[in-house]
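Undergrad: Okay, here's the structure, questions in a sec.
The values are calculated or read from the model by the stated rules, or taken from the named source; none is laboratory data. The model shown is predicted, which means the values in this text are computed figures rather than measured ones. Methodologically, a virtual Cβ is constructed for each residue, glycine included, from the backbone with ideal geometry; neighbour enumeration extends over all protein chains shown. For the accessible areas, the whole protein counts, side chains as well, though only heavy atoms, and no ligand, DNA or RNA atoms are used. Shrake-Rupley method; radii C 1.70, N 1.55, O 1.52, S 1.80 Å.
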Amino acid sequence: MTRPLENSLHLPSTTRQRSRRLPLSCILLAILIGQTTQATSVGADEADRPNLIYIMVDDLGYGDLGCFGQQTIKTPNIDRLAAEGMKLTSHYSGNTVCRPSRLSLWTGMHAGHTAIDSNAPYVLKESDVTVAELLQQAGYTTGGIGKWALGNTENSGHPNRQGFDFWMGYLDQGEAHNYYPAKLWRNDQKVPLPGNVISDAPLARGRVSSQRTTYSHDVMTEEMLDFVRGQGDKPFLMHIHWTIPHANNEGGRVNKDGMEVPDYGIYADRDWPNPEKGFAAMITRMDGDVGRLMALLKEKQIDDNTLVVFTSDNGPHSEGNHKHETFDSNGPLRGYKRDLYEGGIRMPTIARWPGKIAAGSTSDQMLAHYDWLPTACELAGIDPPAGVDGISFAATLLGQSQRPHEYLFWSYGDKKAARIGNWKAVIPGKNKPLELYDLANDIGETKNIADQHPDVVEKMKQAIAEALE
């Protein structure tokens, strides 16, 4: 059982750690906005509260889906999501690597207010408040599968202690590199995966298997489908955190191929290096499982009352002997995983909700992963905690006027970035000058125009400084 929220004014620990003093006028405005949101919430009616399915895959680039311009890798089921829903073309990750991006998603905070802004270890504390916990308290049944990375059975960070009634997958981020691990976790119980034997090679670091029989992605997917299949009339939240197409980094060093997949499928006969066949096959395999999920929603006749969001945790990788350039994984964007240029943080994001989201629609609204928590809260008919950085984008989904972000912010160690409207600022490293780009005319961030707009540069510096307060 997870612990109850302390009270309705409970603030996430990250907010308390970086206490921000607001003037009284701002506080009163926030109260008025909160009252308005509660009164007009699209999910306020108990009977209308939708099921919420959030799919976050791992290291999928902006250009890796057919509906976002991919020409080679086949993703027909995800493309259908876009055709039947909305493409969010300016939707960003919380960070450019895994753990801080997930922390941002769970807590609704940008990287200036999360406890970490890199892949440094972090265990969610009892005082942290997650979107799963909030919806659980609102009466949702909560489930998740895939990569967790923010705690284990021995501490407060375990998913069952952070709002999840059910969790199946990896707890340890490093073990999640291996698609053929010896075990997964179902809640607090080890689930052995038959036939998988861990290699004792020094470079394997316990994350490469010498014998491969049971594919973790398939096991987690079946458990996810069983969870959805078993739900009744009560609304549910399902978080799907597939590890595809992340590389087994250690497998790349040991076997010269970290793109682990049972077979190459439709790409078996392509004249490509095996890691590239594996990369493409992983994505198409995952796409097929999206199709299975959507078919199940229709079979259960809950399709029209289920919002499905699809996104990625950060930009594409060049790891495991795969190169992101092979399939133009970042599309028109500059940079990839570990960059704060667009390729590292702008995600291929789709939302589908029949009858609510207009089919075939597109929104260029400036959004980020940390907007999910307040969005889920609004749809569930509850208020988010005070102090979160996210803004509900339910209005965008419903084709209504959306309250915009003043700015978006990212921090990855010494790298910083912010976006205000179409202006994008990047500080690419320690003691590096701020670069400025006009995304409306230069989505590829090819022309640094900082020297032409000193007033905008100053405004961006102020936003970055404020975000770090």
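Undergrad: Which condition from (1) among the small types (Gly, Ala, Ser); (2) outside any helix (DSSP H, G or I); (3) farther than 30 Å from Ile357 by Cα is the one that Ala281 breaks?
TA: Here Ala281 meets the rest and fails (2).
Undergrad: Here's another thing I want to ask about it. Search segment 230-261 for residues being of a type in the set (D, E, K, R) and closer than 28 Å to Ala132 by Cβ, and hand back the single one that is surrounded by the most Cβ atoms within 10 Å (Cβ to Cβ). Give the steps one after another, and end with the answer.
TA: First, the residues of segment 230-261 that are of a type in the set (D, E, K, R): 233-234, 250, 253, 256-257, 260.
When the remaining residues are screened for being closer than 28 Å to Ala132 by Cβ, the result is 233-234.
On the way: Asp233: 6, Lys234: 10.
This residue is Lys234.
Undergrad: Looking only at segment 96-114, decide whether some residue is basic (Lys, Arg), more than 29 Å from Asn422 (Cβ to Cβ), open to solvent by 10 Å² or more (accessible area, probe 1.4 Å) and not in a loop (DSSP other than H, G, I, E, B).
TA: Yes - at least one qualifying residue is present in segment 96-114.
Undergrad: Let me ask something else. Which condition number does Val426 fail, the rest of (1) surrounded by fewer than 20 Cβ atoms within 10 Å (Cβ to Cβ); (2) in a strand (DSSP E or B) being met?
TA: The number of the failed condition is (1).
Undergrad: Would you check if Ala111 is closer than 20 Å to Phe393 by Cα and touching a residue at least 24 places away in the same chain (Cβ under 8 Å)?
TA: yes
Undergrad: Which one of the conditions (1) more than 24 Å from the chain's Cα centre (by Cα); (2) surrounded by fewer than 18 Cβ atoms within 10 Å (Cβ to Cβ) does Tyr264 fail to meet, given that it meets all the rest?
TA: (2)
Undergrad: Would you confirm, using the coordinates I've provided, whether Gly206 is assigned to a loop (DSSP other than H, G, I, E, B), at positive phi and open to solvent by 30 Å² or more (accessible area, probe 1.4 Å)?
TA: So Gly206 passes the test.
Undergrad: Pick from Asp45, Asp58: which is charged (D, E, K, R), at pLDDT 50 or above and open to solvent by 60 Å² or more (accessible area, probe 1.4 Å)?
TA: Asp45
Undergrad: Say we look at segment 123-146 and pick out the residues that are open to solvent by 20 Å² or more (accessible area, probe 1.4 Å) and in contact with a Pro (Cβ under 9 Å, 6 or more places away or on another chain); which of these is farthest from Asp226 (Cα to Cα)? It would help to see each step written out before you state the result.
TA: Restricting attention to segment 123-146, the residues satisfying the condition of being open to solvent by 20 Å² or more (accessible area, probe 1.4 Å) are 123, 125-127, 136-139, 141.
Adding the requirement that they be in contact with a Pro (Cβ under 9 Å, 6 or more places away or on another chain) leaves 127, 137-139, 141.
Details: Ser127: 31, Gln137: 23, Ala138: 23, Gly139: 20, Thr141: 14 Å.
Here the residue is Ser127.
Undergrad: Given the structure, is His369 closer than 28 Å to Ala120 by Cβ, in contact with a Leu (Cβ under 8 Å, 6 or more places away or on another chain) and either polar (S, T, N, Q) or surrounded by fewer than 24 Cβ atoms within 10 Å (Cβ to Cβ) (or both)? First the steps, then the outcome.
TA: Working: closer than 28 Å to Ala120 by Cβ: yes; in contact with a Leu (Cβ under 8 Å, 6 or more places away or on another chain): yes; either polar (S, T, N, Q) or surrounded by fewer than 24 Cβ atoms within 10 Å (Cβ to Cβ) (or both): no.
Criteria not met by His369.
Undergrad: Evaluate the following for Glu223: is it under 16 Å from Asp58 (Cβ atoms) and at pLDDT 95 or above?
TA: Details: under 16 Å from Asp58 (Cβ atoms): no; at pLDDT 95 or above: yes.
Judged against the criteria, Glu223 is not a match.
Undergrad: Out of everything in segment 325-349 that is charged (D, E, K, R) and part of a loop (DSSP other than H, G, I, E, B), what residue ends up being least open to solvent (accessible area, probe 1.4 Å)? Write out each step before concluding.
TA: We begin by selecting, within segment 325-349, every residue charged (D, E, K, R); these are 325, 328, 334, 337-339, 342, 346.
Then keep just the ones that are part of a loop (DSSP other than H, G, I, E, B); that gives 325, 328, 334, 337-339.
Values: Glu325: 118, Asp328: 82, Arg334: 86, Lys337: 15, Arg338: 91, Asp339: 35 Å².
Taking the candidates together, the pick is Lys337.
Undergrad: Another question about this same structure. For segment 289-324, how many residues are of a type in the set (D, E, K, R) and open to solvent by less than 20 Å² (accessible area, probe 1.4 Å)? Lay out the reasoning, then the answer.
TA: Keep residues of segment 289-324 that are of a type in the set (D, E, K, R), which gives 289, 292, 298-300, 303-304, 313, 319, 323.
Pick out the ones that are also open to solvent by less than 20 Å² (accessible area, probe 1.4 Å) and you get 289, 303, 313.
Of the residues in segment 289-324, 3 are of a type in the set (D, E, K, R) and open to solvent by less than 20 Å² (accessible area, probe 1.4 Å).
Undergrad: Only strands (runs of 3 or more DSSP E) wholly contained in segment 137-199 count here; list those with 2 or more residues that are closer than 30 Å to Gly381 by Cα and either touching a residue at least 12 places away in the same chain (Cβ under 8 Å) or in contact with a Ser or Thr (Cβ under 9 Å, 6 or more places away or on another chain) (or both). Spell out the reasoning first.
TA: Numbers: elements: 141-147, 166-170, 183-186, 189-192.
Counting at least 2 such residues, we get 141-147, 166-170.
Undergrad: Give me the pairs, please: first residue somewhere in segment 393-419 and open to solvent by 40 Å² or more (accessible area, probe 1.4 Å), second residue anywhere and polar (S, T, N, Q), beta-carbon distance under 7 Å, and either six or more positions apart or on two chains.
TA: Every condition considered, the pairs that remain are Tyr412/Asn95; Tyr412/Thr96; Tyr412/Ser118.
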